[in-house]
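The values are calculated or read from the model by the stated rules, or taken from the named source; none is laboratory data. Not measured: the values here are computed from a predicted model. Because the Cβ atoms are built from the backbone with ideal geometry, glycine has one as well, and the counts that use them run over all protein chains shown. Calculation scope for accessible area: heavy atoms of the full protein, side chains included, ligands and nucleic acids excluded. Shrake-Rupley method; radii C 1.70, N 1.55, O 1.52, S 1.80 Å.
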Amino acid sequence: MAPEVSRRRVLGVGAAAAGAAVAGSLLPPSLQQALAQDAGRPAPPGGGGLRDIRHVVVLMQENRSFDHYFGMLRGVRGFGDRNAVELPGGGTVFEQPGPLGVRHVLPFPVREAAAAQKKDLQYIGDLDHSWAGGHRAWNGGWMNNWVAAKTSATMAHYDRQDVPLHYELADTFTVCDAYHSSIHSSTSPNRNHLVSGWTGFEPGGGGRAVGNDAYEEDTHPGYTWTTYAERLEQAGRSWRVYQEWDNFTDNNLEFYATFKAVARKALAKVAGVRTMTAYYGKLAGASDAERTRLAGLLEEGVAALGRAERSLFERALRRGDPHSTAAAFAADVASGTLPEVSYIVPSAADSEHPGSSSPIESATLVYKILDALGSHPEVWRHTALFLTYDENDGFFDHVPPPVPPAGTEAEFWDGKPVGLGIRVPMLVISPWTVGGYACSQVFDHTSITRFLERWTGVREPNISAWRRTVCGDLTAAFDFSRRRKQPAVHRPGPVPPFSGRWRPQPPVHQEMPRQEYGHRPARPLPYQPDADGGFDPRAGLFRLAVRNTGAASAHLALYPYAKEYDVPQHRDVHRAAEWAVPVKGGGYRFTVTGPNGFRREFAGTAAGAAAAVRIGTRIDAARRELHLTLVNPGATDLTVTLTPLAYADTAPRTLTVKAGGTRTVAHAAAGAHGWYDLELTVAEDGSFHRRLMGHVEDGRESVTG
């Protein structure tokens, strides 16, 4: 049973925030003042770069998907996404097949469901978030089994009125809208990826550690691979886990053999207790006198540890008194003893888990952390805070995660890809991420460790080659070249008090939610994907050429709607590759998607007048133009129409491509900040269809599409 929420505790910080809200903000006044001071300070010559960072803080919360929180947020890849994939049975990914008697379930507001069911919108309950349930919803990449796997409540979403602090943080700093959990599963394997770079195998040949169910704290011998905290320790870098008696078993360092051995030694004098969770549980239920006795026994055990063991104990295993996590962090900020790397592990009540917590309780904790930093501007000016979530619980997100091509080493278990998992929110909060930006590079939890790698020089060899290929290191979310003023934001709405757990049900009359109107500034991305080609009737193949001239590999997925393959296919493309797509029954229809709204649609038949037509594309990044070359090797002149579907006010262009001839046409995207969405049809062949959509990167800031 979830612990009862203290209304007094929630409203205590709420009252402090209310004073700031009068001025149109829920951010702590201390942080607002620090941001104002930063805006007037010149940037260091050449930008400070990573060397200007002295502290990295990681606050990983529990169990929320990106769409569940930010599907309505202006200018991110949310409910208005033009690149939403089509389901194999028709309709977009937002139209999830419903339960018996219901055709489909669309995303629906928690607020409306709460009013209809007479419940509180903050305290919806959790859903299935197991390895099996995650793969069932993902369904081989088709993304069409969410309701069957998770119930209709999976489609419930919040908006700005419901989680105002989260929205203001997104509007003030930088939100990452392509940040994924690391695995299609639950808390523990995702947090393994955070603290060690991957999730390996259970001891004694027990299989891959892909769920929470195999771990029994009192009997599990501990995972044997090395954690990143140990590597920081060996390199002499300072780090600490901030936690309290109840840490919701979210400090995964305690699951590793090295730390379990230290804990057992420290607890040697406490009869019948072998783990820190058992010890602090015993402490919580004891009388004052018994607590004093137990604390003394622990200190005797700690005193007997060797120097290296004692350091690991103090940094990773010692827990503070109840409700002390934020205060301990604030004390270290104030005293100038904040370590280089801080992992904040909240209590169950502060964790944001939909079975034990709520957004408002998490907002209370986040507010305190931000206030601690803002109250000491000199610390704030050198700190980067990553606020993210371990997994999506069972809540829907519409963006299919990149997964490895079949056979990729270390990234499959039981015939299924380990990850990436479903998108989760990520807010990057720092002086170098101010401005309300979106960063759409692909990341996962290993990206946090890779950021630490870049900053500290301490490498994590557990991170697989594939993850290093497909995921960035989060540096793209930062801009060290200049300082920015805090952007103006709308005053958030009120948040109602706690009143119990429930599961929202969709309304009888459904409609697609309308995402907040507008764009937001966007960080430049290291991708420039492209794909073109043509049908080869003799070989029964569509010869698809895929390219990427960006600095980082781009993950492309192919959705085979004419059954070219049984399930979607995946490629990681850096430079150029070919994809021989089988064409069955004389017709093809497939879609290729990639990062940041990249999309190519291909359809046609062997019998059509345009069957042999090839359309080549070339991206001119400097001019922000898309050049299309149409080759007609057939015996019939063809009338081709190029229609802008978005991002342009120009009328459709029609041109004739003579038999045996070639025509080239350029589409200018500079006026749309590099965005384009074009449809190409042939009058003489109704089966022929091409769609080209994406963003032309030129290395500079842009806006979201």
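Laid out as a table, the results:
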read-out: Equivalent ellipsoid semi-axes - Cα gyration tensor, the range 342-451, angstrom; value: 30, 19, 13
read-out: Descending Cα extents along the principal axes, the range 102-182, whole Å; value: 37, 34, 22
read-out: Difference of contour (0.36 nm per residue) and Cα-Cα distance, residue 278 to residue 220; value: 19.5 nm
read-out: Distance from the range 327-348 to the range 542-617 (C-alpha centre basis), Å; value: 49
read-out: At 1.002 mPa s and 20 °C, Stokes diffusion of the chain via Kirkwood alpha-carbon radius, µm² per second; value: 80
read-out: Three-way shape call for the range 318-374 based on the alpha-carbon gyration tensor, with the a/c threshold at 1.5; value: prolate
read-out: Ellipsoid equivalent to the range 444-485 - semi-axes via the Cα gyration tensor, in Å; value: 23, 12, 7
read-out: Cα-centre dipole for the range 116-266 with unit charges at Cβ (Lys and Arg positive, Asp and Glu negative), debye to 20; value: 340
read-out: Alpha carbon convex hull of the range 131-289, projected area averaged over orientations, nm²; value: 14.3
read-out: Using alpha-carbon coordinates, inclination of helix 257-266 to the longest axis of the chain, degrees; value: 10
read-out: Helical contribution to [θ] at 222 nm, DSSP H n ≥ 4, -39,500 (n - 2.57), averaged over the chain, rounded to 500; value: -7000 deg cm²/dmol
read-out: Between the range 435-488 and the range 184-232, the Cα center-to-center distance that results, in Å; value: 23
read-out: Burial ranking of peptide ranges 622-634, 102-114, 72-84 (average Cβ count within 10 Å, highest at the top); value: 72-84, 102-114, 622-634
read-out: Anisotropy class of the range 552-697 from Cα gyration tensor, a/c 1.5 cut; value: oblate
read-out: Accessible area (Å², per residue) of the range 338-490, counting only protein heavy atoms and a probe of 1.4 Å; value: 24
read-out: Projected label distance in nm at residue 132 and residue 268, using a 7 Å step from Cα toward the beta-carbon; value: 4.3
read-out: Relative contact order (%) - criterion: Cα under 8 Å, at least six apart; region: the range 343-403; value: 14
read-out: Around residue 676: net Lys/Arg minus Asp/Glu count, Cβ-Cβ under 10 Å; value: -1
read-out: The range 220-351, relative contact order [Cα under 8 Å, separation at least 6], %; value: 42
read-out: Net charge dipole size for the range 160-232 [Lys, Arg +1 and Asp, Glu -1 on Cβ; Debye, nearest 20]; value: 260
read-out: Percent carbon-and-sulfur accessible area, the chain, ignoring ligands, DNA and RNA, probe 1.4 Å; value: 52
read-out: Accessible area expressed per residue, the range 564-689, with surrounding protein chains retained (probe 1.4 Å, Å²); value: 44
read-out: Per-peptide average of other Cβ atoms within 10 Å, ordering 272-281, 187-196 highest first; value: 187-196, 272-281
read-out: Length released on extending from residue 658 to residue 580, taking residue separation times 0.36 nm less the Cα-Cα span; value: 25.3 nm
read-out: Principal-axis tilt of helix 288-303 within the chain, Cα atoms, nearest 10 degrees; value: 70
read-out: Extended-chain gain in nm, criterion 0.36 nm per residue less alpha-carbon gap, residue 566 and residue 465; value: 33.7 nm
read-out: The chain, dipole about Cα centre (Lys/Arg Cβ +1, Asp/Glu Cβ -1), debye to the nearest 20; value: 960
read-out: Packing rank of 203-216, 670-683, where each peptide gets the mean count of other beta carbons within 10 Å, highest leading; value: 670-683, 203-216
read-out: Value of relative contact order over the range 131-277, rounded to a whole percent, pairs C-alpha under 8 Å and six or more apart; value: 16
read-out: Distance between the range 349-374 and the range 283-299 - C-alpha centres, whole angstrom; value: 28
read-out: Cβ-based charge dipole, the chain, positive-most Cα from 426, 165, 595; value: 595
read-out: Sites residue 103 and residue 414 - FRET efficiency at Förster radius 30 Å, r taken between beta-carbons, to 0.05; value: 0.40
read-out: More than 22 Å apart - percent of Cα-Cα pairs taken over the range 25-101; value: 60
read-out: For the range 101-150: accessible area per residue (Å², 1.4 Å); value: 39
read-out: Two-site label geometry, residue 519 and residue 620: point separation in nm, points 7 Å out along Cα→Cβ; value: 2.0
read-out: Distance cut-off 18 Å, percentage of C-alpha pairs in the range 247-347 lying past it; value: 50
read-out: Point-to-point label distance, residue 51-residue 287, nm (Cα→Cβ direction, 7 Å offset); value: 6.1
read-out: Computed over the range 593-676, Cα set: Rg, Dmax in Å; value: 14.0, 40
